[in-house]
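Novice: Just passing along the structure, written as structure tokens.
The values are calculated or read from the model by the stated rules, or taken from the named source; none is laboratory data. Remember, it's a predicted structure, so these values are computed and weren't measured experimentally. Every residue, glycine among them, receives a Cβ derived from its backbone with ideal geometry; neighbour counts consider all protein chains shown.
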Amino acid sequence: MATDEEWVYDEASGEWKPASEVVAEATVEVRDAAGNLLADGDQVVLVKDLKVKGAGQTLKQGTVIRSIRLTANPEEIDCRHDSIKGLVLRTEFVKKR
């Protein structure tokens, strides 16, 4: 086995895998409510009113959320709103702008 490829230990399977294979598995497609592909830095719009737990307020339908960040979970995105820091939204409630 004489290759110059880097190997990474995968704790989930307990095996050594080529780094290129692990990177390919790590890339997850994140899609909005309409099926559009989302990426870091995109702007999204809420498709329904959402009550925000802990903040005591409601984000209205049509509210624009700027500069989203993707998470390890393909159903959630990190984002910031003017009045709410550390907001996590489910992708089923947003649409790419």
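Novice: Select from the range 56-74 the residues that are under 13 Å from the mean Cα position of the chain (by Cα) and surrounded by 11 or more Cβ atoms within 10 Å (Cβ to Cβ) and write down the one among them that is nearest to Gly35 (Cα to Cα).
Specialist: Filtering the range 56-74 for residues that are under 13 Å from the mean Cα position of the chain (by Cα) and surrounded by 11 or more Cβ atoms within 10 Å (Cβ to Cβ), the one nearest to Gly35 (Cα to Cα) comes out as Pro74.
Novice: Anything in the range 73-95 that is of a type in the set (A, V, I, L, M, F, W, C) and assigned to a strand (DSSP E or B)? List them, or say none.
Specialist: Within the range 73-95, Ile77, Cys79, Leu87, Val88, Leu89, Val94 qualify.
Novice: If we keep just the residues of the range 1-55 that are among the polar types (S, T, N, Q) and either under 30 Å from Ile65 (Cα atoms) or at pLDDT 85 or above (or both), which is surrounded by the most Cβ atoms within 10 Å (Cβ to Cβ)?
Specialist: Asn36
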